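Asker: Can you keep this structure in mind? I'll have questions shortly.
Every number here is computed from the coordinates shown, using simple stated rules; none is lab data. Keep in mind that this is a model prediction, so the values were computed, not measured. Reconstructed Cβ throughout: ideal geometry from the backbone, glycine too, with neighbour counts over all protein chains shown.
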Amino acid sequence: MAKPFVKPWALITCLSALPLMVGLMGCASDRYHQSTAPRIEDNPTAERGHNQSTYQRIEDSRTAERVREALAAGADYKYDGVRLMASNGVVQLSGFVNTSAQKNAAGEVASKVVGVKDVVNSITVKE
């Protein structure tokens, strides 16, 4: 009676292992033959685009931090209601200040920070 159970179990095991073995062996290479699997180097934009995007996000984060530090370093720090975002070197200031002089000063400070290409000053004056 054990024989009828063993055969279907062996068949299921072999059929389950077959795709795994074909998958592993189909992409195998040795030191003399190159693998047939596509490589990232074959598509230069795939990896480079991802790294460039990651690099740009890191740079934008650093730029935003430098602008925050520059605003905080001001003698008359009145920019606690100001938010900022950086994207591709363009810094956008938003939020509220008490005077138009503070708005202009915030834009001027941000424009002098290393890595800032342009400043969009969307700060609203409370007056």
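Asker: Scan segment 93-127 residue by residue and report those that are among the β-branched types (Val, Ile, Thr) and assigned to a loop (DSSP other than H, G, I, E, B).
Answerer: Correct list: Thr99, Val113, Val114, Val116.
Asker: Within segment 57-99, which residues are surrounded by 16 or more Cβ atoms within 10 Å (Cβ to Cβ) and among the acidic types (Asp, Glu)?
Answerer: Asp60
Asker: To continue, here is another question. List pairs: first in segment 110-124 and within 11 Å of Gly89 (Cβ to Cβ), second part of a strand (DSSP E or B) and among the β-branched types (Val, Ile, Thr), Cβ under 8 Å, 6+ apart or cross-chain?
Answerer: Matching pairs, first to second residue: Val113/Val91; Val116/Val90; Val116/Val91; Lys117/Val90; Asp118/Val90; Asp118/Val91; Val119/Val90; Val119/Val91.
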